[in-house]
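Just so you know, all these numbers are worked out from the coordinates, no wet-lab data involved. Keep in mind that this is a model prediction, so the values were computed, not measured. Because the Cβ atoms are built from the backbone with ideal geometry, glycine has one as well, and the counts that use them run over all protein chains shown.
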Amino acid sequence: MSTNLLAVLPELILTLTGVLVMLAEPLIAPGRTRKPLGWLAILGTLASALAAFYQLHIVNAHGPVTGFYATIQVDAFSIFFHLLIASIVLVTLLASLDYFEQGAVTHAGEYFALVCFGATGMMFMTCSVELLMVFIGLEISSISTYILSGFRKGRATASESAIKYFLLGSFATAFFLYGIALCFGATGSTSIAAIAAGLAVTKTPLLGWLAVAMVLIGLGFKVSAAPFHVWTPDVYQGAPAPVVGLMSTAPKAAAFAVLLRFLFNGTGLYHSHWILLIEILAVASMTIGNLGALLQTDVKRLLAYSSVAQAGYLLVAFSSTRNEAFGAACFYTAAYAAMNVGAFVVLTQLSGFDEKLRSIDDYTGLALQRPVLSALLGFFLLSLIGIPFTGGFFAKFYSFSAAVHGGHTWLAIVGLANSGVACFYYLRLLAALYSRPLAEQPNSPTRRIALPAAIALAATAAATLGLGILPNHVLHLVQRATPQNLPTASAPQLSANPPQEAWMDAKTR
Amino acid sequence: MAVPIAFYLILAAILFSIGIAAFLIKRNIITIFMSIELMLNAVNLTFVAFSHMWHQVSGQIFVFFVMVVAAAEAAVGLAIIISLFRVRQTLDVDQINLLKD
């Protein structure tokens with residue numbers, strides 16, 4: 001197999017799956033169930049995860065694989081994120097197989113295809129070492145999620161959610177792109193390894209600083225770090241619950257992977273400059289996220305603010321030394337993905353397509369009607385608080401201890417104080433689940449949990465529990481995966497028609 | 001006489017700032033969308049200017065990628081705008097405020 005093909009094998013499989021789903025969609029008569037397409041997408045995602053394992057096998061034997069003129073670098077780091085994204089997508093697809101059977105949805109096929117395409121973009125983000133490739137991956141994933149967030153079309157809230165996500169997402173993309181352009185200006189390249197080399201000798205460090213700040217703003221929007229979080233509650237409230245589970249974890253994981261690679265491998269020289277910005281983002285996200293969540297009555301909005309706060313805890317890990325930051329941040333991403341996707345899968349099952357259960361009051365006393373789902377939701381909420389024996393505890397533990405080792409003890413203290421505040425709103429929802437039902441309460445659609453959704457729930461619960469009981473194994477795995485810059489062999493491509501020397505002379509004079 | 005590179009960069013920065021200001025001030029969704037396109041075009045100008053400065057064609061190739069992506073984004077964005085208009089009969093952002101607590 002050629003190196004280029006090997007380097008993009010998981011993405012290629014997912015793209016083909018998406019195309020196949022779209023081709024097969026018109027063959028199914030209108031009104032018939034679209035479930036087979038969902039199974040096709042699930043098979044494709046499984047195949048893509050297997051391809052990632054195959055890549056891991058090769059990488060372990062021969063070292064990192066590069067392809068497409070060294071714009072793609074497949075190493076243990078990118079494979080970790082490939083597997084994480086594939087798992088998130090798999091769980092989301094399983095949970096949403098029966099989701100579309102409830103409402104009068106005629107376009108469920110598009111959903112399965114778009115999820116595959118979005119995952120392709122996210123995977124590209126994690127394995128690109130060239131900022132323009134990162135940008136294209138970011139756009140593939142963003143455009144898919146813009147459409148997915150407005151998937152329940154015909155509803156005013158769905159369109160509003162989509163338009164808000166679209167406008168603010170594109171706004172952020174422009175900042176990210178301007179950052180890339182300034183990086184190109186400062187170093188003459190957009191490859192992360194070449195940027196690292198170029199920044200050391202650049203004559204215009206100001207451009208480099210501006211570029212880092214711009215890229216941070218752009219990615220800050222994508223990971224919904226405060227003060228760039230304003231879209232999060234609105235979009236999460238209007239989007240379908242399984243989509244929120246996907247887009248609150250997978251694109252964020254990809255964006256954090258880009259951030260790790262860019263900050264530590266590309267602009268490690270400016271560590272003292274960007275660490276200040278990271279501190280501001282982390283403290284603002286934790287504080288605004290937790291205080292905002294205290295005021296919410298809508299459960300999805302509450303979880304949206306909680307995800308802002310979680311992004312803040314994750315950013316705390318960035319304040320450490322290189323290796324420890326990579327380990328703690330990767331572990332946090334995985335634990336956060338497990339518990340947050342799990343929580344939204346439960347919400348999908350509880351409230352259904354029409355989302356009859358919205359506010360915390362609607363969830364009061366639900367444990368009597370749906371004991372298993374309520375118990376699972378309670379477990380995920382405990383993990384989000386960070387109770388021991390859950391993935392959330394060790395995620396926070398590693399993140400804060402990384403900050404302490406990096407000499408940012410105050411950041412860890414702010415984080416701990418915030419975790420205390422966070423207990424209030426998570427426990428408020430948990431207490432509501434297990435208290436006496438209100439009189440005029442809407443009934444949850446009491447259906448049995450379908451088998452695919454049950455598998456999804458079991459997988460997320462097992463992952464959350466597993467990360468809480470055996471964290472060392474995963475942590476060693478991710479610490480080993482810290483990526484290195486590979487030397488760039490190719491010489492920079494010169495212009496076909498360089499400007500005349502006279503012009504250069506005139507400029508220097 | 002050749003125009004110094006800084007002039008192009010300053011022009012691009014001004015265009016980008018106008019885009020940001022319009023994004024924040026304007027109330028019609030189509031106009032807001034146009035201001036995002038303005039920001040992307042300011043980035044394109046920056047890329048071309050730097051590409052000239054570094055004598056590298058790659059900067060000019062990036063511009064094509066950005067244009068392609070912007071076109072894809074415009075297609076999706078306009079579709080979302082149409083679906084919003086069908087439901088709400090308005091494109092004024094101040095009236096699109098159903099989602100709040």
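Structure data summary
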{"item": "Backbone N under 20 Å from the A:Thr297 label point (7 Å along Cα→Cβ), restricted to the stretch A:345-381", "result": "A:351, A:355-366"}
{"item": "Average beta carbon contacts from partner chains per residue of A:125-133, 10 Å cutoff", "result": "1"}
{"item": "Angle between chain A longest axis and helix A:192-201 axis [Cα atoms, degrees, rounded to 10]", "result": "50 degrees"}
{"item": "Summed residue charge, Cβ within 15 Å of A:Tyr270's Cβ, Lys/Arg positive, Asp/Glu negative", "result": "+1"}
{"item": "Residue (of A:Leu219, A:Val8, A:Ser285) at the positive-pole extreme of the stretch A:3-490, dipole from beta-carbon charges", "result": "A:Ser285"}
{"item": "Extension gain, A:Cys423 back to A:Asn323 (0.36 nm per residue minus Cα-Cα distance, nm)", "result": "33.0 nm"}
{"item": "Space enclosed by the convex hull of the alpha-carbon atoms of the protein assembly as shown, per residue, Å³", "result": "148 Å³"}
{"item": "Global geometry of the stretch A:104-184, whether rounded, prolate or oblate, following the gyration tensor of its Cα atoms and the 1.5 cut on a/c", "result": "oblate"}
{"item": "Mean ellipticity per residue at 222 nm, deg cm²/dmol - from DSSP H runs of n ≥ 4 across chain A, formula -39500 (n - 2.57)", "result": "-24000 deg cm²/dmol"}
{"item": "Lys, Arg +1 and Asp, Glu -1 on Cβ, resulting dipole of the stretch A:3-490 about Cα centre, debye, nearest 20", "result": "380 debye"}
{"item": "Computed lengthening from A:Ala375 to A:Leu12, 0.36 nm per intervening residue step minus Cα-Cα distance", "result": "126.8 nm"}
{"item": "Ordering of A:472-484, A:47-59, B:26-38 by packing [mean C-beta count within 10 Å, highest first]", "result": "A:47-59, B:26-38, A:472-484"}
{"item": "Helix A:35-62 axis, angle to chain A major axis (alpha carbon atoms, nearest 10°)", "result": "40 degrees"}
{"item": "Signed unit charges on C-beta, dipole axis of chain B, positive-most listed residue B:Ile14, B:Gln89, B:Asn44", "result": "B:Gln89"}
{"item": "Pairs of lysine residues in the protein assembly as shown - Cα separation under 22 Å, sequence separation of 8 or more or cross-chain", "result": "21"}
{"item": "Angle between chain B longest axis and helix B:5-25 axis [Cα atoms, degrees, rounded to 10]", "result": "10 degrees"}
{"item": "Residue-averaged beta-carbon neighbours from other chains (10 angstrom radius) around B:77-88", "result": "6"}
{"item": "Farthest positive-ward along the protein assembly as shown dipole, Cα basis, beta-carbon charges - from A:Leu382, B:Phe23, A:Ala257", "result": "A:Leu382"}
{"item": "Mean separation of Cα contacts under 8 Å, 6 or more apart, over the residue count of chain B: relative contact order %", "result": "27 percent"}
{"item": "Pair-distance profile P(r), taking every C-alpha pair of the stretch B:28-92, with 10 angstrom steps and integer %", "result": "21, 38, 23, 13, 5, 0"}
{"item": "Built amide H within the under 5 Å cut-off of A:Glu130, gap 5+", "result": "A:Ile192"}
{"item": "Length released on extending from A:Leu470 to A:Ser272, taking residue separation times 0.36 nm less the Cα-Cα span", "result": "67.8 nm"}
